[in-house]
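Heads up, the thing below is written out as structure tokens.
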Amino acid sequence: MAAQNYLPPSQALQVLQEYEHQDGLSVQDLMNSKIHGGLTYNDFLLLPGRIDFAASDVTVESKITRNITLNTPFVSSPMDTVTEGRMAISMALLGGIGVIHHNQSATSQAAMVRAVKRYENGFITSPVVLGPNHRVKEVLDIKAMQGFAGIPITEDGNLGSKLLGIVTSRDIQFEDPNTLLSSVMTTSLVTAQEGITLKEANAILRTSKKGKLPIIDGGGNLKSLLSRSDLLKTQSYPLASKRPDSKQLYAAAAIGTRPADRDRLADLVEAGLDIVILDSSQGNSIYQEEMIQWIKANFPQLEVIAGNVVTREQAARLIAAGADGLRVGMGSGSICITQEVMAVGRPQATAVYSVSEFANRFGVPVIADGGISNVGHVVKALALGASAVMMGGLLAGTTEAPGEYFYHEGVRVKAYRGMGSLEAMEQKDHTTPSKDKLGPKTATMAANHENAATTRYFSESSTVKVAQGVSGDVQDKGSVKAFLPYLYAGVQHSFQDIGVRSTRELKEKVISGTIRFELRTASAQVEGGVHGLNSYTKRLYA
Ligand code: IMP
């Protein structure tokens, strides 16, 4: 056999230079919709790069508005089955942000914003408080119902009033149930001043050996409480989304563009709002432009995210009006039937790329909204120029989403519905997310207000309401406190495969053409999924 003339392996890198083009496609070629039409996230892949660092070295810091940068790119959607106070607090603690929905009264939405701004990790900001004229039996009741008894006593029995003492289990052990608390409470107190850090408070609790540490202001009024048992459980949140000045969590909320929304916004700003999202399925309207200008004139410190848009032309007007960020997506949401019914929309990957490419030239970040159903979609949205991703369906099954779990055909689920579903627009008790599924609190709040879902879809004055979304349920996902760290670690590992250490590097290398893409044919998509197995279980993280 004749010997083959192989090249020496040591020349591999040199020979590579001879190829005119790198493997795969540049983002510009990938996204040339004149050739193959609009693309979705599933239509393409990124080609791997070189790994010379650990996944844990990857940072995914991203701007979500002109002036606000978060440590993670995760945003929860302003939907009544996704983001209320609890989700907003958890998202911010984990480095993202939750946008509180407006399908509720302005008062309850403002209360949720206030809860986010007041939240201090480990501090109990609304403790059970009693007054000196309450009796031992009331403490016994609380103990029976809630399982604890370290109760602060204030002058008028409320938080914010002068702290007089504390009643613990020991104080009432041998007392008659009718005894007044003023005669049994402990008055020699160890307290701490408002503004104390968890670390300092921890040290005080350790030396004082008390179970509770009341936090007071300069006038001796009770502001919050720290509990020894909670402190032992308190996790720390190194990625938390906090204002650098006040160290409070960032709060974001959605509103519409009607005159009443100006009053609503005033309430939200009063409660401490940092970011407002103008919530519309089609954001390129005179109403949004006017609203942006009005907000900039009246609340110049507020960051305004406008949308939704899917084209450069839509984006241009909102950028010109002063938007600090754009929300991109029309018809890509998991509960969405907009493309089917309205015949408008755009495949999400193409929408994200087109708008980001344009908006980034003005320093306006883009949030890719809708259609994110796995870690890979997050990475693809970022690679196409988005700074963050907004998720509805992916988070609706978590413990922190509004509503109770229920069983559907043997599977533990939570209700999830489009804001353009008839159920959300009519906001009546219906068979899917009714009181027992949404939870009594959400259902009542939802019933007591002017419907915001209709305005999102410009249906408030229509006699016939045309649905743009469906109502259904999604599987239990456990706590967002486990799920978001999974998304975060997943993105870090993906970046490592691509060979980039940060979102900035990813974007730079995509634009310069160093990072390459490949289109996926239908059979490539089958190949890329699990196939050929008789059966399997799919566990995503441990
Ligand atoms: P998901 O993450 O794929 O479930 O999509 C969530 C996104 O869908 C939201 O952030 C909204 O932009 C969008 N959306 C919410 N409700 C509706 C609806 O009823 N019709 C169409 N789109 C909706």
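Checked against (1) within 14 Å of the ligand (Cβ to nearest atom); (2) at pLDDT 75 or above; (3) out of contact with any His (no Cβ under 9 Å at 6 or more places or on another chain), TYR457 passes all but condition (2). ALA388 meets all of the listed conditions (1) crowded, with 24+ Cβ neighbours inside 10 Å; (2) within 16 Å of the chain's Cα centre (by Cα); (3) away from the ligand (no atom under 16 Å from the Cβ) but one, namely (3).
When the residues of segment 48-66 are narrowed to those that are touching a strand residue (DSSP E or B) at 6+ places or on another chain (Cβ under 6 Å) and of a type outside the set (D, E, K, R), which ends up farthest from GLY370 (Cα to Cα)? Looking at residues that are touching a strand residue (DSSP E or B) at 6+ places or on another chain (Cβ under 6 Å) and of a type outside the set (D, E, K, R), I get THR59. Name the one entry in ALA351, ALA271, ALA316 that is buried (at least 24 other Cβ atoms within 10 Å of the Cβ) and not aromatic (Phe, Trp, Tyr). Going through ALA351, ALA271, ALA316 in turn, the sole match is ALA351.
So ILE367 clears everything in (1) modelled with pLDDT under 95; (2) closer than 28 Å to LYS34 by Cα; (3) within 11 Å of the ligand (Cβ to nearest atom) except one condition, right? Which one? Condition (1) is where ILE367 drops out.
Restrict the check to segment 531-542 and report whether at least one residue is of a type in the set (S, T, N, Q) and touching a Leu at 6+ places or on another chain (Cβ under 8 Å). Full working, then the answer.
So the first thing to find is which residues in segment 531-542 are of a type in the set (S, T, N, Q), and the list is 534-535, 537.
Next cut, touching a Leu at 6+ places or on another chain (Cβ under 8 Å) only: none.
There is no residue in segment 531-542 that is of a type in the set (S, T, N, Q) and touching a Leu at 6+ places or on another chain (Cβ under 8 Å).
Assessment of segment 326-336 against the conditions (in contact with a strand residue (DSSP E or B) (Cβ under 7 Å, 6 or more places away or on another chain), at pLDDT below 95 and more than 23 Å from ARG66 (Cβ to Cβ)) yields at least one matching residue.
Restricting to segment 401-431, and then to whatever is among the polar types (S, T, N, Q) and within 15 Å of the ligand (Cβ to nearest atom), can you tell me which residue is modelled with the highest pLDDT?
Filtering segment 401-431 down to residues among the polar types (S, T, N, Q) leaves 421, 427, 431.
Now restrict to residues that are within 15 Å of the ligand (Cβ to nearest atom): 421, 427.
Values: SER421: 90, GLN427: 71.
Out of the qualifying residues, it is SER421.
Scanning segment 73-103 for residues that are closer than 23 Å to GLY307 by Cβ and surrounded by fewer than 24 Cβ atoms within 10 Å (Cβ to Cβ) yields one hit, GLY95.
From the residues in segment 391-415 that are aromatic (Phe, Trp, Tyr) and not in a loop (DSSP other than H, G, I, E, B), which one is nearest to the chain's Cα centre (by Cα)? Only one residue fits best here, namely PHE406.
A count restricted to segment 48-96 and to residues that are in a strand (DSSP E or B), out of contact with any Gly (no Cβ under 7 Å at 6 or more places or on another chain) and within 16 Å of the ligand (Cβ to nearest atom) stands at 0. Scanning segment 281-304 for residues that are of a type in the set (S, T, N, Q) and not in a helix (DSSP H, G or I), we see that the one that is farthest from the chain's Cα centre (by Cα) is SER285.
Scanning segment 305-356 for residues that are away from the ligand (no atom under 12 Å from the Cβ), under 24 Å from the mean Cα position of the chain (by Cα) and without any contact (Cβ under 8 Å) to a residue 40 or more places away in the chain gives ALA306, LEU318, GLY322, VAL352, SER356. When you go through (1) more than 28 Å from ILE151 (Cα to Cα); (2) in contact (Cβ under 8 Å) with a residue 24 or more places away in the chain; (3) of a type outside the set (Val, Ile, Thr) one by one for SER236, which number turns out not to apply? Exception for SER236: condition (1). Of all residue pairs spaced 6 or more apart or on separate chains, those with beta-carbon atoms under 8 Å, a first member in segment 406-429 that is farther than 18 Å from VAL82 by Cβ and a second member that is of a type in the set (Gly, Ala, Ser) and within 13 Å of the ligand (Cβ to nearest atom) are LEU422/ALA467; LEU422/SER471.
At least 3 residues being of a type outside the set (Gly, Ala, Ser) and over 30 Å from GLY331 (Cβ atoms) is the threshold, and among the strands (runs of 3 or more DSSP E) wholly inside segment 169-280 those reaching it are 212-216, 222-227.
The values are calculated or read from the model by the stated rules, or taken from the named source; none is laboratory data. Just so it is clear, the structure is predicted and the values come from calculations on it, not from any experiment. Every residue, glycine as well, gets a Cβ built from its backbone with ideal geometry; the counts of neighbours run over all protein chains shown.
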